[in-house]
Amino acid sequence: MPLDDLESAGPGDKGMTGTDVVTARDRGLVACTRCTRVWPMDTETCARCGSTLRSRRDRHLQRVWAWLSVGIVCYIPANLYPMLKTRTLFVEQDSTIIAGAVEIAQHGGYGIALVILVASVLIPIGKFISIAYLALSLKRQVKMSRHRRHQLYEVVEFIGRWSMIDVFVVAILSSLVQLSAIASINPGPAAITFALSVIFTMLAALSFDPRMIWDGPEDRQE
Amino acid sequence: MIGPQLNEPVATTAAPEDGPEEWIACPQCDALFTATVPALGERACCTRCQTVLIAPRRGAFLRVIAFAITVMILMIGATFFPFLQVRVAGMRNAASVFDAVLAFVDGPMVALSVAVAALIVLIPVMRAALVVYVLFPLTIGRAPYRGAAWAFRLAEVLRPWSMAEIFVIGCAVALVKISDLAHVDYGPAFWMFGSLVVVIGLQDSSMCRWTIWKALDPETRA
Ligand SMILES: [Zn+2]
Ligand SMILES: [Zn+2]
């Protein structure tokens, strides 16, 4: 942040946000996002918890895009290759995520099919779009208010981990169904790329700095 | 998930007269407040984004330690007892979490094996152990152990990567997924995992991070 901005934000100012909310940056302070302690702007590490201090992780935006891209790249093979290899006495079957869900639905398990589709298709794709939208919204004017975008960020952060469910299901089935000749289930290559996709997308969400949402112009409804 | 309801806006915008050690910055939106500790059981939330900043609980440290120790004990049982049992045509197999972890051990899937073990067993246990290490000396009125700040920061960094609860739902999905291939029952570890999820949730919700950080800070401890 430029030095003259720092000086203009003296105590008692209304702050650069132009509202009653004064941010740590307005006061020439840098906040620790881990332990909430504030330090003078040029402090590099938080003496309380040891975290690296950055007033805004603006350079991390590139990291967000990088993690997001690898996350999306890993998600493609995760849908093309089989997740599960099921072998019973008569049939050998490889099933992808979507084929697996369709199969369960055909057997009447609509609830579970829905859980799988939501966790493995809807949530990952929703996350890709949401993170990209949030990152873009920092650079250009968007319709969604700051409050809404912050809520979206919290939802993405909370829900992203749940996509891991399908990987666990594969692990459970592969260890459980090992009944020699009668039936066996083994993990397919998609299990690994899917897990990677979930991990990379989580890293993208974690690299995003929600404070930057609030630096943007205020919305009329707020 | 979405911003918790505002109880009472106990935190007030930072006044210039008190020192920075009394200030608290919202980690989500950078708003600066004077840290005013609310009554026990109440929460001080950020007035802009509703993030909970301070939430003191009576006897919280002791309770958190009790929960953390419970997590470690339950996890031992939950790892080695079977969580699902399967019966097909007179053959039976029972799988423990330990088996599920080993499911990927063959070939290039080892990485996945390690990841599953870390996410559902190692990270939850490690977090519990770190929290005990951090809080134990504080409950008996001693100075924190060496590296306590580092330990607590690690416990917090690991939080999104602790996925025991997702594994429990994964068990339920797996059970339905193979219900027409074989007869499946829940084993004792399933219930242990179920209670583990509850205890981990209690451990995290009864922990006021700000109180702990303040107790670890030599400057504000007193
Ligand atoms: Zn800190
Ligand atoms: Zn806030």
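Within region A:23-60, track down each residue that is more than 15 Å from ligand 1 (Cβ to nearest atom), under 28 Å from the mean Cα position of the chain (by Cα) and within 11 Å of chain B (Cβ to nearest Cβ). Answer for region A:23-60, where residues must be more than 15 Å from ligand 1 (Cβ to nearest atom), under 28 Å from the mean Cα position of the chain (by Cα) and within 11 Å of chain B (Cβ to nearest Cβ): A:Thr23, A:Arg25, A:Arg56.
Evaluating A:Ile192 against the criteria (1) within 7 Å of chain B (Cβ to nearest Cβ); (2) under 20 Å from B:Phe83 (Cβ atoms); (3) β-branched (Val, Ile, Thr) leaves one unmet condition, (2). Any chance region B:161-183 includes a residue that's in contact with a strand residue (DSSP E or B) (Cβ under 7 Å, 6 or more places away or on another chain), surrounded by fewer than 22 Cβ atoms within 10 Å (Cβ to Cβ) and more than 11 Å from chain A (Cβ to nearest Cβ)? Yes, that holds for at least one residue.
Quickly run through region B:26-50 and pick out the residues that are within 11 Å of ligand 2 (Cβ to nearest atom) and at positive phi. Break it down stepwise before answering.
From region B:26-50, those within 11 Å of ligand 2 (Cβ to nearest atom) are B:26-33, B:45-50; that's our starting set.
Hits for region B:26-50 are B:Asp30, B:Gln50.
Scanning region B:75-86 for residues that are more than 14 Å from every other protein chain (Cβ to nearest Cβ) and open to solvent by less than 40 Å² (accessible area, probe 1.4 Å) returns B:Met75, B:Gly77.
Sort through B:Ala118, B:Ala155 and tell me the only one that's within 14 Å of chain A (Cβ to nearest Cβ), crowded, with 16+ Cβ neighbours inside 10 Å and more than 23 Å from B:Ala189 (Cα to Cα).
Numbers: B:Ala118 fails: more than 23 Å from B:Ala189 (Cα to Cα).
The conditions single out B:Ala155.
Within region B:20-33, take every residue that is open to solvent by 20 Å² or more (accessible area, probe 1.4 Å) and more than 7 Å from chain A (Cβ to nearest Cβ) and give me the one that is farthest from B:Asp217 (Cα to Cα). Spell out how you get there, then give the answer.
The initial filter retains those residues of region B:20-33 that are open to solvent by 20 Å² or more (accessible area, probe 1.4 Å), namely B:20-23, B:27-28.
Keeping just the survivors that are more than 7 Å from chain A (Cβ to nearest Cβ) gives B:21-22.
On the way: B:Glu21: 10, B:Glu22: 12 Å.
The qualifying residue farthest from B:Asp217 (Cα to Cα) is B:Glu22.
Of the residues that make up region A:86-103, is at least one loosely packed, with under 14 Cβ neighbours inside 10 Å and away from every other protein chain (no Cβ under 14 Å)? Within region A:86-103, not a single residue is loosely packed, with under 14 Cβ neighbours inside 10 Å and away from every other protein chain (no Cβ under 14 Å).
Being open to solvent by 20 Å² or more (accessible area, probe 1.4 Å) and of a type in the set (A, V, I, L, M, F, W, C) narrows it down to one residue among B:Ala95, B:Ala89, B:Ala60; which is it?
Working: B:Ala95 fails: open to solvent by 20 Å² or more (accessible area, probe 1.4 Å); B:Ala60 fails: open to solvent by 20 Å² or more (accessible area, probe 1.4 Å).
Of B:Ala95, B:Ala89, B:Ala60, the one residue that is open to solvent by 20 Å² or more (accessible area, probe 1.4 Å) and of a type in the set (A, V, I, L, M, F, W, C) is B:Ala89.
Within region A:143-150, does at least one residue satisfy the condition of being touching a Phe, Trp or Tyr at 6+ places or on another chain (Cβ under 6 Å) and at the interface with chain B (Cβ under 7 Å from one of its Cβ atoms)? Scanning region A:143-150 turns up no residue that is touching a Phe, Trp or Tyr at 6+ places or on another chain (Cβ under 6 Å) and at the interface with chain B (Cβ under 7 Å from one of its Cβ atoms).
Remark: pairs (first residue in region B:86-108, not assigned by TED's automatic domain parsing to the domain that holds B:Cys171 and at pLDDT below 75; second residue of a type in the set (Lys, Arg) and open to solvent by 20 Å² or more (accessible area, probe 1.4 Å); Cβ separation under 6 Å; 6+ apart in sequence or on different chains) are absent. How many residues does region A:169-188 hold that are closer than 12 Å to B:Asp99 by Cα and surrounded by 20 or more Cβ atoms within 10 Å (Cβ to Cβ)? Count: 7.
The values are calculated or read from the model by the stated rules, or taken from the named source; none is laboratory data. Only a predicted model underlies this, so the values are computations on that prediction, with no experimental measurement involved. Glycine gets a Cβ as well: all are built from the backbone with ideal geometry, and neighbour counts include every protein chain shown. All accessible areas refer to the heavy atoms of the entire protein, side chains included, with ligands and DNA or RNA removed. Shrake-Rupley method; radii C 1.70, N 1.55, O 1.52, S 1.80 Å.
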